[in-house]
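Notes follow once the structure below has been shown.
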There are 2 protein chains.
Amino acid sequence: MKLQEPSVESSGSTFTPLVVLELTLDAKEEAVAWLLSRIRDPQQNGGAELLVEQLGPGVGLQEKENPNMFLVGASRQRLLSGAEDVGLFKEFNDGSMRGFTCSNKHNFKDFQGDGDNFLSMAECQYIIKHELDTLRAKDETHVPGYTQTKLYPGKSIIRRLLSKGILIQIFPLHENEELKRLCFTWYKKVKLSLQPLDDIRHYYGEGQALYFGFLEYFTFALVPMALIGLLYYLFDWEDYDKYVVFAMFNVIWCTLILELWKRFSASLAYNWGTLSRKKAFEEPRPGFHGVLGFNPVTGRQEPLYPNAKRQLRIYLVSLPFVLLCLYLSLYVMMIYFQMEGWALTVHDEDPTFWTGILLFIPSIIYAIVIEIMNIIYRCAAEFLTEWENHRLESSYQNHLVLKVLIFNFFNCFASLFYIAFIMQDMVLLRQSLATLLITSQILNQFMEAFLPYWLQRRRNKKLIRKLRKRRTLEDKELPLAEQVRLEADMSTYLGTFDDYLEQFLLFGYVSLFSCVYPLSAVLVVLNNITEIYSDAFKMCRVFKRPFSDPAANIGVWQLAFEAMSVIAVVTNCALIGMSPQVKAYFPESEMQLILWTVAIEHGLLAFKFILTFLIPDVPKHIQIKLSRLEFESLEALKKKVHFMFCVWMEESFNFGWYHSCVV
Amino acid sequence: MKLQEPSVESSGSTFTPLVVLELTLDAKEEAVAWLLSRIRDPQQNGGAELLVEQLGPGVGLQEKENPNMFLVGASRQRLLSGAEDVGLFKEFNDGSMRGFTCSNKHNFKDFQGDGDNFLSMAECQYIIKHELDTLRAKDETHVPGYTQTKLYPGKSIIRRLLSKGILIQIFPLHENEELKRLCFTWYKKVKLSLQPLDDIRHYYGEGQALYFGFLEYFTFALVPMALIGLLYYLFDWEDYDKYVVFAMFNVIWCTLILELWKRFSASLAYNWGTLSRKKAFEEPRPGFHGVLGFNPVTGRQEPLYPNAKRQLRIYLVSLPFVLLCLYLSLYVMMIYFQMEGWALTVHDEDPTFWTGILLFIPSIIYAIVIEIMNIIYRCAAEFLTEWENHRLESSYQNHLVLKVLIFNFFNCFASLFYIAFIMQDMVLLRQSLATLLITSQILNQFMEAFLPYWLQRRRNKKLIRKLRKRRTLEDKELPLAEQVRLEADMSTYLGTFDDYLEQFLLFGYVSLFSCVYPLSAVLVVLNNITEIYSDAFKMCRVFKRPFSDPAANIGVWQLAFEAMSVIAVVTNCALIGMSPQVKAYFPESEMQLILWTVAIEHGLLAFKFILTFLIPDVPKHIQIKLSRLEFESLEALKKKVHFMFCVWMEESFNFGWYHSCVV
């Protein structure tokens, strides 16, 4: 938890800036003063009891410098009590993970002396964010200086300021030293090794680390498939009838890897202390609005929005809109097939090298159009979901994910399903799959890594040139004020949504149709290796540091991948049933063939569900640790009740000391 | 909580006998004395702090009277603290359900004065059972008088005595007054009304009440289907091609009723306070044995049994045995078809009235054989599961339910599936279904209600005759000692397993094939109405009172019914696809028909799963109540932490009173 310039506060303790608050340039002075005093107020008075300092002026690299930037930190004692508030799990002396409590602090493994390096900086920043988020209005009716911006007792001040645009952003600061070390072990080192997941978690929090863990796991899980695919390619096993074996492998593979991922993810989450951590009570999301009323749960006054109205919006606007988009996507697909047909006729009339290339052009154009449609739809889905006015962030996320997933699935795979099952043209399917996969990978890598890198680089160069002009750059380190202002200008990382979505689509390509084009697993493995590097680079160099997110699993994505694996079983069975190889077994009756295919498919689906039940989601050794913890807390509760009873007895009868009771 | 003869204890407080302990006739005296003293010992010394009295001699109705019968009761204060121990939920002043605590007792709705009628007798008996079960060995190495019966520190004494046969049984006493009242409102009243579920729960506990609630719910859910079935029957819509509409109805019906049952069951469980009650830490089941070792969870010494060994037993013995039984069942089915064929040829050769009846004979014999095989298999499954040596009761139950379910499903439905899909003979299917259903219902009612009733009646008559001989029966009430001895001789109720199993099979008959024989729903409704009466009678008059079981749902049976409803969707779709009506739409290509059937089936299955997600398992108003409770406990925790912090501060600095802190 070291930073470049720990300044010394008036009270004598060192102030380490952790989080930056940026208010609008034209924020009213009384509002700023009120906010700062609320943040500094002791907790008994309903404040957050944090330390705040205004950021000094920079060396003037930016054209227009915002003076309303504040650095937030906290005393060590405050951070520790905050860690208890947020229910942080840390490693105990006996190697198990336990909820941190101040009264028990010396029994935690890494707690030495005053607990100086006990909490990682990411944890401190998370605690500060939590404390700021739960800073609640008391008897103020509105934000001082803004009579329009009403406040309701017990509601979060920061969320209100954010949604009204008075507060522009809150973000945690990078640690340059740590970051350099992390970059080195993560993607700069040449030698082959696993990602430093623990370090990633240490720096970015559990949500990020789980994503990178999943990316790595998924890539490794693809390796056997890629190897088999390579063998198919090298030994020319590629006549299209031979894909039965591959399809069988697919069906088992996609069930197994998801089950094993659940176990692996549970191990990770246990070691990171998020597995058994309780979820905090969820507050309304910042954008939520409605008529003032009483929350039936908390009994507090807050904006309410009738559920019936939301349902109307969902079913009368969002649902038709999604269906319309699906129709549009089908329409575009039909245009693609017309182009395909046209290219084929041109090639058939006069087959040259150029017409051979022309054959791929429609697929490439279609792949690009798909990507563009995905992006446009994504924006529309975000707008619509925002407009549906969900009260909780989790409900907002679920509706957004659902909308985006359905469309992306349809948009990317509809043409492949059409080719496979309506046209039954395996050669075209293969060609189309290859073009889609390769084009979308190239586009993605470009959009995701190269573009932001290039933009960032251009901006940095400009800045450094400016800096050179002003003063000689002898000390490589930028001054803190400048560093903070640079970070404030970096792009904001928007979460793991797009990253998971990309993996979801790749998983689809591989699990649904890879038996037709065995090289697809190889392509995805190659893509994912570069993806790890580009994502790592993005996280370290392009984006502001995100607040850590104490996730215990990959959430709704696990469900999405499982749904895809069910579809994969059905698709692969259908492909098997359609293969000439299998058809040869039922020479006289196609009906028999279909019935057998359906029966086997049902058997496989049943087997899949039974497997899901049979394989425990949490590995045995972690289950034991968890139940040991539960057992101990039950025992402790019993003892505590006994102890408190003794206290009460002593207090009631003796009015004296109860130390005799604590044997 | 009134009983016939509340005797006055030496200490002056009234002693109400609640639970009976029966030890073997030849139990060693020192063992009995030790057990009684352990039960009477105060809790500080590791005892149960309960009241125990030896049962006086009866009037000598039995040939051989066991003197080792003891009545267990408890003081009111002890019962209340026990209620806190077991985590009992009671209605709070504000109408919500909360965990009972002694310190807060006056805020609970029905707590008046000393809390005399606050706990129902069933709750008191449950508390006493819990306290007896958790009476643990201290430093004793063996049961006094039985050097072979080892004791391990911290392990339950009662379970040890039970598994060694020193303790024969523990059972709660009936309340004659209450029971009479319950009988009257439950099954003796003539007017049509719902079952008094709250009274049933009050007397028998939540597990029983949930079963009867399910029985009633399921019967009502069947009524629309029965009505449609009757219409089909009355208006002769019964040509076998018309079942498409009925099958469609089936598919939707079986999904909906299960989802709605979940919601209804959650309402019931909430009102009975079991929905949010935490599960207690599960102790090993009495029959569990193994080599002494250290439990990795509790760290205590106890018998351990390697999981690998258990898995070997399951996969190398139990699984082959189950498969063998399934094969046998198939073999019997084939014999049935031979008999069927033989009867048909006899009838075809010379069709008379008697050969017409002969047609039904094979089905009836087969139905009886099925029931007998089910019973034999049940015993074998219990033996095998016992031998698998599961550590926890829940794991034992799950394995037993799985074994029994698979075999019963196969045994009852294999012939129907064979007729429907291999022979494709709808007339035979209909006849077979009707015979199976009617025969098994008659057999069940006989075995379940009439037989035990008759046995019980014979025994009672004998007793009363004896009693008449000894003394004039002027006072109708039997003396307590005699009453207890009578109850000890009653059959033991073995739980709801068989009752749920029967409903599961009936659900199967209705949901799988009722479109072929629409009257089956009518038959099941009629059966269930008599089932309610006969089960109620059984519970009240034939069996010992069972200990109440605080269930929050119907557990593994919900899963079983849902699996059946998935199979029902598949079966009904297949039946639709086979109907001549539908076949007429695809005159030239049977392949098209099958493909469409499969596609629609997949669509319905997907729809079913989506519906399961969309319909919340807990009704909204209960969800709000639950989250309000959670919110309040979070707030209370915060306040408590603050309060305790204050206490600590005051203690540390002022060594004085902290009342100033409690504002």
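The values are calculated or read from the model by the stated rules, or taken from the named source; none is laboratory data. The structure presented is a predicted model; accordingly, all values stated were derived computationally and were not measured. Here Cβ is always computed from backbone atoms with ideal geometry, including for glycine, and neighbour counts include all displayed protein chains. Note: accessible area is taken over every heavy atom of the protein model, side chains too, but ligands, DNA and RNA are not part of it. Shrake-Rupley method; radii C 1.70, N 1.55, O 1.52, S 1.80 Å.
Determine the pairs where a residue that is more than 13 Å from A:PHE92 (Cα to Cα), located within segment A:103-117, has a partner that is of a type outside the set (Lys, Arg) and in a loop (DSSP other than H, G, I, E, B) with Cβ atoms under 7 Å apart, the partner being 6 or more residues away or on another chain. The qualifying pairs are A:ASN117/A:MET1. Among residues that are within 22 Å of A:ARG485 (Cα to Cα) and open to solvent by 60 Å² or more (accessible area, probe 1.4 Å), A:LYS180 is included.
Taking the condition of being open to solvent by less than 60 Å² (accessible area, probe 1.4 Å) and of a type outside the set (Phe, Trp, Tyr), how many residues in segment B:568-595 meet it? So the count comes out to 17. For segment B:376-412, a tally of residues being at pLDDT below 90 and surrounded by fewer than 15 Cβ atoms within 10 Å (Cβ to Cβ) returns 2. For segment A:99-109, a tally of residues being among the basic types (Lys, Arg) and open to solvent by 50 Å² or more (accessible area, probe 1.4 Å) returns 1. Out of all the residues in segment A:458-478, which are surrounded by 11 or more Cβ atoms within 10 Å (Cβ to Cβ) and modelled with pLDDT of 70 or more? A:ARG459, A:ASN460, A:LYS462, A:LEU463, A:ILE464, A:LYS466, listed by residue number. When the test is whether a residue is surrounded by 15 or more Cβ atoms within 10 Å (Cβ to Cβ) and either of a type in the set (S, T, N, Q) or farther than 25 Å from A:PHE407 by Cβ (or both), A:LEU344 passes it. Hey, can you tell me all the residues within segment B:422-461 that are closer than 22 Å to B:ASP498 by Cβ and of a type in the set (Asp, Glu)? Listed by number, the list holds a single entry, B:GLU448. Residues of segment A:155-175 that are closer than 11 Å to A:ARG545 by Cα and of a type outside the set (Phe, Trp, Tyr): A:ILE170, A:PRO172, A:LEU173, A:HIS174, A:GLU175.
Scanning segment B:283-340 for residues that are within 14 Å of chain A (Cβ to nearest Cβ), of a type in the set (Ser, Thr, Tyr) and in a loop (DSSP other than H, G, I, E, B) turns up just one, B:THR298. Filtering segment B:532-548 for residues that are open to solvent by 20 Å² or more (accessible area, probe 1.4 Å), among the charged types (D, E, K, R), within 11 Å of chain A (Cβ to nearest Cβ) and assigned to a helix (DSSP H, G or I) leaves an empty set. Out of everything in segment B:125-143 that is of a type outside the set (Lys, Arg) and surrounded by fewer than 16 Cβ atoms within 10 Å (Cβ to Cβ), what residue ends up being nearest to B:LYS28 (Cα to Cα)? This residue is B:HIS142.
Residues that are more than 10 Å from chain B (Cβ to nearest Cβ) and farther than 18 Å from A:THR274 by Cβ were ranked within segment A:611-628; the one that is surrounded by the fewest Cβ atoms within 10 Å (Cβ to Cβ) is A:LEU614. The single residue among B:TYR217, B:TYR305, B:TYR233 that is surrounded by fewer than 19 Cβ atoms within 10 Å (Cβ to Cβ) and either among the acidic types (Asp, Glu) or out of contact with any helix residue (DSSP H, G or I) (no Cβ under 9 Å at 6 or more places or on another chain) (or both) turns out to be B:TYR305. Please indicate, with yes or no, whether at least one residue in segment B:344-362 is in contact with a Phe, Trp or Tyr (Cβ under 8 Å, 6 or more places away or on another chain) and farther than 29 Å from B:PRO284 by Cα. Yes - at least one qualifying residue is present in segment B:344-362.
When residues in segment B:572-597 are screened for being of a type in the set (Ser, Thr, Tyr) and either within 14 Å of another protein chain (Cβ to nearest Cβ) or part of a helix (DSSP H, G or I) (or both), 2 of them pass. Could you tell me whether A:ALA367 is surrounded by 15 or more Cβ atoms within 10 Å (Cβ to Cβ) and at pLDDT 90 or above? Judged against the criteria, A:ALA367 is not a match. Selection over segment B:479-529 of residues that are β-branched (Val, Ile, Thr), touching a helix residue (DSSP H, G or I) at 6+ places or on another chain (Cβ under 8 Å) and either within 30 Å of B:PHE246 (Cβ to Cβ) or open to solvent by less than 10 Å² (accessible area, probe 1.4 Å) (or both) gives a count of 6.
B:GLN112 falls short on exactly one of the conditions (1) of a type outside the set (Lys, Arg); (2) within 26 Å of B:LEU51 (Cβ to Cβ); (3) open to solvent by less than 50 Å² (accessible area, probe 1.4 Å); (4) in a loop (DSSP other than H, G, I, E, B), and that condition is (3).
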